[in-house]
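Below you'll find the structure, written out as structure tokens, and then a few comments.
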Amino acid sequence: MTLVYTHENLTLVMNINTALHNAGIKTQIKNQYAAGGRGEIPCFETWPEVWVTSQFQLKQAQEIVANIMSQEHQPDWYCQKCNEQNGAAFDFCWQCDTAKPH
Ligand SMILES: [Zn+2]
């Protein structure tokens with residue numbers, strides 16, 4: 001398995017994971033429940049991580065992650081159904097799967 005993305009913000013990590021999942025890439029989340037737990041653990045050691053389980057899908061996964069990160073400077077959009085805030089790189093609301101409004 002190979003680590004493709006990690007961030008202190010679990011929402012961002014889950015967004016990446018959802019994007020990879022939507023592309024048919026098998027992933028595994030590590031440390032998903034570590035953040036916000038015991039305060040004495042150094043934060044950087046408990047960041048949630050996205051791992052790609054198949055080497056065969058690694059290159060595609062890295063391209064998707066790079067594409068998402070390159071669009072991070074664009075404004076977020078708000079879901080018309082549940083008002084969730086979503087990153088510009090995402091075509092579907094991470095919370096309710098509603099398509100991004102055009
Ligand atoms: Zn939504």
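The values are calculated or read from the model by the stated rules, or taken from the named source; none is laboratory data. Not measured: the values here are computed from a predicted model. As a convention, Cβ positions derive from the backbone with ideal geometry for all residues, glycine included, and neighbour counts pool all protein chains shown.
A few remarks follow.
- For region 21-35, taking the residues that are under 14 Å from His7 (Cβ atoms) and not β-branched (Val, Ile, Thr), the one that is modelled with the lowest pLDDT is identified as Ala35.
Residues checked against (1) in contact with an Asp or Glu (Cβ under 9 Å, 6 or more places away or on another chain); (2) in the same structural domain as Asn9 (by TED's automatic domain parsing); (3) at pLDDT below 85; (4) not in a loop (DSSP other than H, G, I, E, B):
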{"position": "Trp47", "(1), (2), (3), (4)": "yes, yes, no, no"}
{"position": "Val50", "(1), (2), (3), (4)": "no, yes, no, yes"}
{"position": "Glu63", "(1), (2), (3), (4)": "no, yes, no, yes"}
{"position": "His102", "(1), (2), (3), (4)": "no, no, yes, no"}
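- Scoring Ala99 on the criteria (1) within 16 Å of the ligand (Cβ to nearest atom); (2) touching a residue at least 12 places away in the same chain (Cβ under 8 Å) leaves a single failure, condition (2).
- Residue tally, condition more than 8 Å from the ligand (Cβ to nearest atom) and not in a loop (DSSP other than H, G, I, E, B), over region 85-96: 2
- Residue in region 36-44 that is outside any loop (DSSP other than H, G, I, E, B) and either modelled with pLDDT under 95 or more than 16 Å from the ligand (Cβ to nearest atom) (or both) present: yes
- Members of region 72-84 found to be closer than 17 Å to Leu10 by Cβ and more than 8 Å from the ligand (Cβ to nearest atom), listed by number: Glu72, Asp76
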